[in-house]
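Below: the structure, in structure tokens.
The values are calculated or read from the model by the stated rules, or taken from the named source; none is laboratory data. Keep in mind that what you see is a predicted model, and the values were worked out from it rather than measured. Every residue, glycine among them, receives a Cβ derived from its backbone with ideal geometry; neighbour counts consider all protein chains shown.
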Amino acid sequence: MIIRQKYLDQLLAFRDRDLVKVVTGVRRCGKSTLLDMMREHLAREGVSRERLLTFKMESMEFDGLDYRGLYQLVRKRTEGIVHPYLFFDELQEIEGWERAINSLHVDLDCDMYITGSNAYLLSSELATLLSGRYVEVEMLPLVFSEFLDFQGASLSSRAAAGMDVFELPDGTLTTATGLLDRYRRYGGLPYLSLGAPDEAAHRAYCRSLYETVVIRDILERDRRRGRRQLTSPDLLERTCRFLADNIGNENSVNSIAGALRADGIKAANGTVDAYMGALDEAYLFYPVRRYDIKGKDLLKTGGKRYIVDTGIRNYLQGYRDSDQGRVFENMVYLQLRHEGFEVSVGKLRSGEVDFVASGSDGRAYIQVTEDMTDSATMERELRPLRAIRDAYPKYVIAARGSYPREIDGIRILDVMDFFLQRRPLLA
């Protein structure tokens, strides 16, 4: 089991505190394994196994169980155990689960950890019942540095000085660029990142994930909740593919509904909005709002979306060389989220900045480009950053080429320095 230390540290920071730990993220991003890591860490520290209790809600053991049954089952299994650690996996499968968790939190001296694959988990009664008494740990698929760990890649001592060359477990050498291209194509789902790339296995796995999220998690949950807003698998898939094809582009309900109507699909704006919201709730896409840099305010219109994993995107749309600039931009977005930044799109009077990354120590303005060797491209990327008058750091992240480290006070960041966090943005 490869330890994903960032997330384990977040759980450990809240261990034995009077807070329910809620791990959220798209299916198969590693949430269940994170609970395994936490459980094994506790066991190594001397916590007896009988105090470490796991409840996997997708097991037949819990089929048909409601929140009352869940509460009674947990109380029975914890009888006589001092301060048990309770791990609930995919808890949203239990109708009314939040009532059981709230009651256990009140009635039992325990430490609770929950995973869920839908944002509804925290927009439900839990947020009301446990107001101020839970903490969310948002989990993503692997970022590039984690992908290297899963590939077993380590910097090679056989490489020439100053070169990023990695050695794989079988002794072969590969360049950092080659591994980054592999990551860009296949994404960072943990299971798929453990070995050499396999196109057929990648497609089969992504198909299974997509069908699980779309058919069961979205359509079936909507039916169970009695909403009946999402009744068309075809419309949901078309909406999903449209969003996947337009990562990094401005999108709105009007534009998507119009594109669907152009393809002969009649869908009211409200219906399209419901389908987009469902895909966001399943953590397949992340909506990103625009930020007025001069007015220092978030705007309500003109936002974009990025997909949770580039491998899923390439499964849905196919791998096209012409799209790789936007796929690279998507990778930068996910890295920024992984580092804990609040990310928005910067709006200027006469242009746009790809990302405004805001953190507790300030913010950074970021442009992303595949290649800046062409003078016209360089000017296009630098112009919006030059127009910003405040003193926060400004960056261009370039995937290819050789550039000075700084131009007019704007820092040019090598792609490996960025993805491997060699030069912190707010340092």
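Please find, within the range 84-113, the residue that is surrounded by the fewest Cβ atoms within 10 Å (Cβ to Cβ) out of those that are touching a strand residue (DSSP E or B) at 6+ places or on another chain (Cβ under 8 Å) and touching a residue at least 60 places away in the same chain (Cβ under 8 Å).
The extreme case among them is H105.
Within the range 1-32, can you find the residues that are farther than 27 Å from V82 by Cβ and either assigned to a loop (DSSP other than H, G, I, E, B) or of a type in the set (S, T, Y) (or both)?
M1, I2, I3, R4, Y7, T24, G25, V26, R27, R28, C29, G30 - these are the residues of the range 1-32 that are farther than 27 Å from V82 by Cβ and either assigned to a loop (DSSP other than H, G, I, E, B) or of a type in the set (S, T, Y) (or both).
For every residue, the table says whether it meets (1) modelled with pLDDT of 90 or more; (2) part of a helix (DSSP H, G or I).
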site	(1), (2)
A364	yes, no
M378	no, yes
E381	yes, yes
P384	yes, yes
Y392	yes, no
A399	no, no
L426	no, no
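In contact with an Asp or Glu (Cβ under 9 Å, 6 or more places away or on another chain), closer than 17 Å to G318 by Cα, part of a helix (DSSP H, G or I) and of a type in the set (K, R), is that true of R184?
Details: in contact with an Asp or Glu (Cβ under 9 Å, 6 or more places away or on another chain): no; closer than 17 Å to G318 by Cα: yes; part of a helix (DSSP H, G or I): yes; of a type in the set (K, R): yes.
Taking the combined requirement at face value, the residue does not satisfy it.
Go through the residues of the range 292-307 one by one and say whether even a single one is among the aliphatic types (A, V, I, L, M), in the same structural domain as F328 (by TED's automatic domain parsing) and either within 30 Å of P233 (Cβ to Cβ) or modelled with pLDDT of 90 or more (or both).
Taking every residue of the range 292-307 in turn, at least one turns out to be among the aliphatic types (A, V, I, L, M), in the same structural domain as F328 (by TED's automatic domain parsing) and either within 30 Å of P233 (Cβ to Cβ) or modelled with pLDDT of 90 or more (or both).
Could you say which residue among T310, T373 is polar (S, T, N, Q) and free of Cβ contacts under 8 Å to residues at least 40 places away in the same chain?
Answer to the selection: T373.
Quick one: what pairs do we get from the range 35-52, first residue touching a residue at least 40 places away in the same chain (Cβ under 8 Å) and under 18 Å from V74 (Cα atoms), second part of a helix (DSSP H, G or I) and of a type in the set (A, V, I, L, M), C-beta under 9 Å, 6+ apart or different chains?
If the second residue must be part of a helix (DSSP H, G or I) and of a type in the set (A, V, I, L, M), the pairs left are L35/L11.
Could you list, in sequence order, all residues of the range 50-80 that are surrounded by fewer than 16 Cβ atoms within 10 Å (Cβ to Cβ) and among the hydrophobic types (A, V, I, L, M, F, W, C)?
The answer is M60, L73.
Which condition number does G248 fail, the rest of (1) surrounded by fewer than 19 Cβ atoms within 10 Å (Cβ to Cβ); (2) touching an Asp or Glu at 6+ places or on another chain (Cβ under 7 Å); (3) in a loop (DSSP other than H, G, I, E, B) being met?
Going through (1) surrounded by fewer than 19 Cβ atoms within 10 Å (Cβ to Cβ); (2) touching an Asp or Glu at 6+ places or on another chain (Cβ under 7 Å); (3) in a loop (DSSP other than H, G, I, E, B) one by one, G248 breaks only (1).
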